[in-house]
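Inspection log for the structure reproduced underneath, given as structure tokens.
The values are calculated or read from the model by the stated rules, or taken from the named source; none is laboratory data. Just so we're clear, the structure is a prediction, and the values are computed from it rather than from any experiment. FYI the Cβ positions are ideal-geometry reconstructions off the backbone, even for glycines, and counts take in every protein chain you see.
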Amino acid sequence: MPFNKKSLKINGDRFVVMLSERRIKAKVKELARTISKDYKGTVPVFIGILNGSFIFFSDLIREVSIDCEIDFLKLSSYGDAKISSGNVRLLKDLNCQVEGRDIIIVEDIIDSGLSMEYIRDLILHQNPKSFRVVTLLYKKDAVKTQMKIDYIGFSIPKDFVIGYGLDYAQKLRHLKAIYRLKES
């Protein structure tokens, strides 16, 4: 399938660029600088939420200027759907020690916020020193929780988005830009 840089047609759906590769890279560097400043002199544990955050996570980690540890959680709340089911299941647990540590959750997108609430409860139960969240995308109008998000890359509308780690039925994560579904 040839990928046009400005729009894509997938399974009869048309997607158009929402955030360019250049804008994403600049925002990742900005977030990394802020986090590095906030955590200077500490060694936080960055926890990536699989599968979606893996590209953002790796780019962010390579830009931070502090020492850190990494780990991953894997959850399921979407399946192959365009909208979260609201049912969050843990598919891969942590390998790291959380108690007494500075924890930074790295998420690609916060949609309903239900997955992030699940993660917060899971981590806080293990008594970290601190708990913060960084997300590349935040759907403010779709969020159903009051949870504080510490670092937000871009606030976006409720549109269905793909690319830069975000999938459409487990495909198209490799796209360098973020595309939104264009309603007909």
message: Tally up the residues in segment 135-184 that are in a strand (DSSP E or B), touching a residue at least 40 places away in the same chain (Cβ under 8 Å), of a type in the set (A, V, I, L, M, F, W, C) and out of contact with any helix residue (DSSP H, G or I) (no Cβ under 6 Å at 6 or more places or on another chain), please.
response: 7
field: Candidate set: segment 29-72, residues that are in contact with a helix residue (DSSP H, G or I) (Cβ under 8 Å, 6 or more places away or on another chain) and closer than 18 Å to Ile162 by Cβ; chosen: the one surrounded by the fewest Cβ atoms within 10 Å (Cβ to Cβ)
entry: Asp59
query: Taking Ser155 and the conditions (1) polar (S, T, N, Q); (2) modelled with pLDDT under 90; (3) closer than 26 Å to Lys9 by Cα, which numbered condition does it fall short on, given that it satisfies the others?
result: (2)
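Results for (1) among the hydroxyl-bearing types (Ser, Thr, Tyr); (2) in contact (Cβ under 8 Å) with a residue 40 or more places away in the chain; (3) more than 26 Å from Gly113 (Cβ to Cβ), shown as yes or no for each residue.
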residue	(1), (2), (3)
Ser20	yes, yes, yes
Thr34	yes, yes, no
Val45	no, yes, no
Asn51	no, yes, no
- prompt: Quick one: would you say Arg62 is more than 16 Å from Ile104 (Cβ to Cβ) and among the charged types (D, E, K, R)?
  reply: no
query: Within segment 121-138, can one find any residue that is over 23 Å from Ile70 (Cβ atoms), modelled with pLDDT under 95 and surrounded by 15 or more Cβ atoms within 10 Å (Cβ to Cβ)?
result: no
Sole exception among (1) touching a residue at least 40 places away in the same chain (Cβ under 8 Å); (2) surrounded by fewer than 19 Cβ atoms within 10 Å (Cβ to Cβ); (3) within 18 Å of Ser155 (Cβ to Cβ) for Ser112, by number: (1)
